[in-house]
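Below is one structure; the comments refer to it alone.
The values are calculated or read from the model by the stated rules, or taken from the named source; none is laboratory data. Because the structure is a prediction, the values reported are computed rather than measured. Here the Cβ is made from the backbone with ideal geometry for all residues, glycine too, and neighbour counts use every protein chain on show. All accessible areas refer to the heavy atoms of the entire protein, side chains included, with ligands and DNA or RNA removed. Shrake-Rupley method; radii C 1.70, N 1.55, O 1.52, S 1.80 Å.
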Amino acid sequence: MVKLPKEVLKIVNTLEQNGFPAYAVGGCVRDSIAGKQPIDWDLATSANLEELKSLFPEAKVLNEKLSVVRLEFITEYEDEEGDKYEDGIIADIATFRKEGEYSGGKPVEVEFVTSVEEDLPRRDFTVNAIADSPGRGIVDPYGGRDDIKNKLIRTIQNPDESFKEDPIRMLRAITVCAESDFDLQKDTFEAICKNYKLIEGLDIKKVRNALMRILSGEYAG
């Protein structure tokens, strides 16, 4: 069971008390299981955008089409030398969804669904397809916890198809390796070697941001 920060737990409880199942999902769950303390938390729920806006009127709408809102719990501090810094967490809440075919690295069609079991298959890697809820337990249909234990990055679907669908996933895979000392599962590695030139068609900003994270990762070597 992942220990949720009090702010995230309050969000989950608010959703649950209003009849909406809610889970922590993705990288925050992966990092928590691996012993890290996430700053960014992703939550998935059955509540739609209007319901999220009603329950959390202070939230910022990040993506109306995908029904994603953000809550920030950031505090500014000042040290003894007068230098200012920020601390806290960010929580993004999204409605459960399924994604159809991709074009240009983005889903052409999105269908909102009512369960986390329907939401998890759209995610990239097994280690990112784990959902956890204090009252509902862990949902791990692809063996993500075993892959975290073995420090392996493995795609949910066929890796060749996954990377052709969204080439940025290749850089995400390497980013997790660089930041968390994971390794690429053999088929995933071979698919990257086969499809790496697809990166040339990506938004240069996405490539730059991923490359900066890779190069600055603790295990970049």
If you count only protein heavy atoms with a 1.4 Å probe, what accessible area per residue comes out for the stretch 99-179, rounded to a whole Å²? 46
Find the relative contact order for the chain and round it to a whole percent, using C-alpha pairs within less than 8 Å whose residues are 6+ positions apart. 16
Output for the stretch 41-138: trypsin sites (Lys or Arg not before Pro) sitting in coil per DSSP, at most 15 other Cβ within 10 Å, listed by number, reads Lys65, Arg136
So, over other residues within a Cβ distance under 11 Å of Phe56, counting Lys, Arg +1 and Asp, Glu -1, the net charge is +2
Could you check how much of the accessible area of the chain is carbon and sulfur, as a whole percent, using a 1.4 Å probe? 47
Please work out how much length the chain gains when fully extended from Lys197 to Ser54, using 0.36 nm per residue of separation minus the C-alpha to C-alpha distance, in nm with one decimal. 47.0 nm
Check: the chain dipole with +1 on Lys, Arg Cβ and -1 on Asp, Glu Cβ, in debye: 620
What distance in nm separates the simple spin-label points at Ile90 and Ser103, each placed 7 Å from Cα in the Cβ direction? 3.0
Positive end of the dipole of the chain, charges at C-beta (+1 Lys, Arg; -1 Asp, Glu), about the Cα centre: which of Ala47, Ala191, Ile90 has its Cα farthest in that direction? Ala191
Per 10 Å bin, what percent of the C-alpha pairs of the stretch 10-162 does each bin hold, from zero upward? 10, 36, 34, 15, 4, 0
Check each of the GluC sites (Glu not before Pro) in the stretch 131-221 and keep only those in coil by DSSP with at most 10 other C-beta atoms within 10 angstrom; list them in order. Glu218
Exposure rank, largest accessible area first [Ile199, Ile39; 1.4 Å]: Ile39, Ile199
If I model a spin label at Leu211 and Glu118 as a point 7 Å from the Cα along the Cα→Cβ vector, what separation in nanometres do I get? 4.1
Per-residue [θ]222 nm for the chain (sum of -39500 (n - 2.57) over DSSP H runs n ≥ 4, rounded to 500): -10000 deg cm²/dmol
